[in-house]
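Below is one structure; the comments refer to it alone.
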Amino acid sequence: MATASAMVRRSKWSWPSAEVVVPFDLTVDGSVYAGEMTTSPQRVAVIGGSGAGKTTFARHLSEAIRVPHVELDALHWDVDWTPTPAAEFRERVERALKGERWVVDGNYQSKLGTRILELSDTVIWLDPGRATIMRRVIGRTWRRAVSGEELWNGNRETWAGFKLWRRDESIIWWAWRSAGRVRREFGPLPHDPALGHVRFHRLRSRRDVARFLRSVTPRRTRVRIVV
């Protein structure tokens with residue numbers, strides 16, 4: 001049985017479509033918004049494609065701002081990679097996010113819609129690009145298959161992840177196939193009227209990630225970024 005563990009000002013930047021709501025103006029190389037926070041976020045949703053670094057980033061962020069970290073995969077996957085029924089999954093998520101402060105990572109818009117984003121005050125979209133994502137996914141799958149690392153509820157990744165012809169089992173194939181779809185789905189989010197209260201950040205590089213994390217980390221705390 002899974003348990004919970006432990007998005008103003010306007011600025012023009014390159015998140016697809018012209019104007020979006022962000023906390024203040026900052027661009028990197030005139031294109032990528034990678035804002036630092038002027039106030040500490042309280043309820044943060046971390047989204048991005050498979051291999052974008054969501055869980056690692058969310059863990060760093062939750063430690064920096066001292067709030068619980070909720071991993072949606074842990075709530076969704078039961079024993080033997082069995083998906084939790086949709087209604088029960090939604091119940092688990094609602095229970096896990098009952099508190100006033102949290103960092104949650106994962107997507108699952110197909111099952112949850114924008115519910116988590118609506119509950120959030122900040123959304124972080126990790127978007128390092130397909131090449132980086134594929135490098136990470138391949139390396140991660142290799143490491144997990146070799147080590148037998150347990151993920152959630154006894155589940156482990158196996159060498160099947162490298163069998164691209166078995167598309168229902170290969171996380172590598174899934175990461176490649178879903179990269180474009182993720183950008184199409186996430187691009188319009190800042191323009192959703194239901195999310196007008198949310199601060200959006202799109203982080204595309206390790207530098208963006210490090211800058212953001214340092215902006216929310218107490219000055220006396222040293223942060224080592226591993227994404």
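The values are calculated or read from the model by the stated rules, or taken from the named source; none is laboratory data. Quick caveat, the model's predicted, so the values are computed rather than measured. Cβ sites come from the backbone with ideal geometry, for glycine too, and all protein chains shown count toward neighbours.
I'm trying to understand the selection: among the residues of region 175-219, which are under 10 Å from residue 125 (Cβ atoms) and under 15 Å from the mean Cα position of the chain (by Cα)?
Within region 175-219, the subset under 10 Å from residue 125 (Cβ atoms) is 182-183, 186-187, 189-190, 200-204.
Listed by number, the residues that qualify are 182, 183, 186, 187, 189, 200, 201, 202, 203, 204.
Against the definition (part of a helix (DSSP H, G or I), at pLDDT 85 or above and under 20 Å from the mean Cα position of the chain (by Cα)), how does residue 140 come out, yes or no?
The answer is no for residue 140.
Would you check which residues across region 186-227 are closer than 20 Å to residue 49 by Cα, modelled with pLDDT under 90 and touching a helix residue (DSSP H, G or I) at 6+ places or on another chain (Cβ under 6 Å) and list them?
Across region 186-227, the qualifying residues are 225, 227.
Could you please tell me which pairs satisfy a Cβ distance under 7 Å, a separation of 6+ or placement on different chains, a first residue in region 99-112 that is among the charged types (D, E, K, R), and a second residue that is part of a loop (DSSP other than H, G, I, E, B) and surrounded by fewer than 17 Cβ atoms within 10 Å (Cβ to Cβ)?
100/42; 101/42
Which of the residues belonging to region 184-215 are in contact with an Asp or Glu (Cβ under 7 Å, 6 or more places away or on another chain), assigned to a helix (DSSP H, G or I) and crowded, with 16+ Cβ neighbours inside 10 Å?
Across region 184-215, the qualifying residues are 195, 211, 212.
Working only within region 143-170, note down all residues that are surrounded by 13 or more Cβ atoms within 10 Å (Cβ to Cβ) and modelled with pLDDT of 75 or more.
Within region 143-170, 144, 145, 151, 152, 153, 155, 157 qualify.
Go through region 171-182 and give me each residue that's surrounded by fewer than 16 Cβ atoms within 10 Å (Cβ to Cβ) and modelled with pLDDT of 80 or more.
Hit for region 171-182 is 181, nothing else.
Taking region 73-87, which residues are of a type outside the set (A, V, I, L, M) and exposed (fewer than 14 other Cβ atoms within 10 Å of the Cβ)?
Across region 73-87, the qualifying residues are 80, 82, 83, 85.
Looking at 75, 112 in this structure, which one is within 23 Å of residue 195 (Cα to Cα), aliphatic (A, V, I, L, M) and within 16 Å of the chain's Cα centre (by Cα)? Working first, answer last.
On the way: 75 fails: within 23 Å of residue 195 (Cα to Cα).
Selected residue: 112, the only one of 75, 112 that is within 23 Å of residue 195 (Cα to Cα), aliphatic (A, V, I, L, M) and within 16 Å of the chain's Cα centre (by Cα).
Residues being under 25 Å from residue 176 (Cα atoms) and among the charged types (D, E, K, R): count how many of those fall in region 110-129.
Total meeting the criteria: 2.
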